[in-house]
Amino acid sequence: MILDGRPIAKEMLEEVKRGISEFGKVTMASVAYEEDKESIVYFNSIKKNAERVGIDFRPLVIKGEELLETIEKINGDSEVDAAIIGRPFPKGVTNEMVSEALDPDKDADCVTYQNMGQLYFGVERIAPATPKASIDILTHNGVDLKGKNALIINRSVTVGRPLSQMLLNRDVTVTVAHSKTHNIERLIDENDVIFLAIARAGYLKSSSIKSKKIIVDIGINVVGGRVKGDFDPDVEEGLVDYTPVPGGVGAVTSVEILNNALELSKTR
């Protein structure tokens, strides 16, 4: 079965639109530096959804050395309710620097210490968009995660680490694998749900899977001008339920960002 994210995104957009109509104006800023073309494209796609639901979305494209100064200006701008910062950061700027610089009350993608730390107490009012989208797709498709064994092949601060905690919050037994893990094939075989985020097109093929699995494909790869995921459904059989790329996790992620912006605006 294909776990399509597009109908879920559409439903969530309508919920955000209703929330904004009830609450009032929401203003959001995005910040990307000139060389980061992928973030610029991504933020423009979020802007389209923002316009559909009535969010005033302000994409900023800056020089890399202006990043921390721009964040400081956003923190002090009373009109801006929420902000998202493009990754990777410019040379010389670290995750820690951005986490410390951004106001947690304007943090739409859960990059600050305060919002990330709340995940460890089971508080997910503002959660990282990609991990939240990965879980919401499963929930909307009737997948009960409680008691399942899950493998995350990624340990980044944006995906693997927060996702592992959010799954623990849902009573999942979690294993995190990475580039130094030697027994990934065995781990894939032993787990019920596999979260793939390694940026290698077709890394895992359905023909290699021996037992029933749910594959959440978080990978984004451009191959020959086409977007492909880390999972390759090379054979049609009943052993795998999976999220497609495109149309899966990515379709929901941008809506999670807008929902976070709405939640942040309610506290201002």
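The values are calculated or read from the model by the stated rules, or taken from the named source; none is laboratory data. Predicted, not measured: the structure shown is a model, and the values here were computed from it. Cβ sites come from the backbone with ideal geometry, for glycine too, and all protein chains shown count toward neighbours.
Structure notes:
- Members of region 198-229 found to be closer than 15 Å to Ile184 by Cα and either assigned to a helix (DSSP H, G or I) or touching a residue at least 60 places away in the same chain (Cβ under 8 Å) (or both), listed by number: Ser208
- Residue match in region 149-160 (condition: in contact with a helix residue (DSSP H, G or I) (Cβ under 7 Å, 6 or more places away or on another chain), small (Gly, Ala, Ser), at pLDDT 95 or above and assigned to a strand (DSSP E or B)): yes
- Answer residue from region 57-98, given it is touching an Asp or Glu at 6+ places or on another chain (Cβ under 8 Å) and assigned to a strand (DSSP E or B) and is farthest from Leu262 (Cα to Cα) among those: Ile62
- Scanning region 55-105 for residues that are in contact (Cβ under 8 Å) with a residue 40 or more places away in the chain and β-branched (Val, Ile, Thr) returns Ile55, Ile71, Ile74, Val80, Ile84, Ile85.
- Unique match (being closer than 30 Å to Asn169 by Cα, at pLDDT 95 or above and touching a Phe, Trp or Tyr at 6+ places or on another chain (Cβ under 8 Å)) among Glu100, Glu96, Glu66: Glu100
- Test: residue in region 125-143 that is among the acidic types (Asp, Glu) and surrounded by fewer than 20 Cβ atoms within 10 Å (Cβ to Cβ): no
- Criterion violated by Gln114 - all others in (1) in a loop (DSSP other than H, G, I, E, B); (2) modelled with pLDDT of 95 or more; (3) surrounded by fewer than 17 Cβ atoms within 10 Å (Cβ to Cβ) satisfied: (1)
- Count of residues meeting criterion [under 22 Å from Glu66 (Cα atoms) and either buried (at least 20 other Cβ atoms within 10 Å of the Cβ) or among the polar types (S, T, N, Q) (or both)] in region 37-52: 4
- Among the residues making up region 215-241, those that are surrounded by fewer than 23 Cβ atoms within 10 Å (Cβ to Cβ), of a type outside the set (S, T, N, Q) and touching a Lys or Arg at 6+ places or on another chain (Cβ under 9 Å) are Ile220, Val222, Asp232, Pro233, Asp234, Val235, Gly238, Leu239, Val240, Asp241.
- Any hit, region 165-188, residues being farther than 24 Å from Val123 by Cα, more than 20 Å from the chain's Cα centre (by Cα), touching a residue at least 40 places away in the same chain (Cβ under 8 Å) and not in a strand (DSSP E or B): no
- Only one of the listed residues (Ile46, Ile8) is outside the structural domain of Thr158 (by TED's automatic domain parsing), touching a residue at least 60 places away in the same chain (Cβ under 8 Å) and in contact with a Phe, Trp or Tyr (Cβ under 9 Å, 6 or more places away or on another chain). That residue is Ile46.
- Members of region 170-187 that are closer than 22 Å to Met116 by Cβ, touching a Leu at 6+ places or on another chain (Cβ under 7 Å) and of a type outside the set (Ser, Thr, Tyr): Arg170, Val172, Val174, Ala177
- All of (1) surrounded by fewer than 18 Cβ atoms within 10 Å (Cβ to Cβ); (2) in contact with a strand residue (DSSP E or B) (Cβ under 8 Å, 6 or more places away or on another chain); (3) within 26 Å of Ser21 (Cβ to Cβ) hold for Ile62 with one exception: (3).
- Within region 1-32, being among the hydroxyl-bearing types (Ser, Thr, Tyr) and buried (at least 23 other Cβ atoms within 10 Å of the Cβ) holds for one residue alone: Ser30.
- Qualifying residue in region 96-115 (condition: among the hydroxyl-bearing types (Ser, Thr, Tyr) and under 24 Å from Gly19 (Cα atoms)): no
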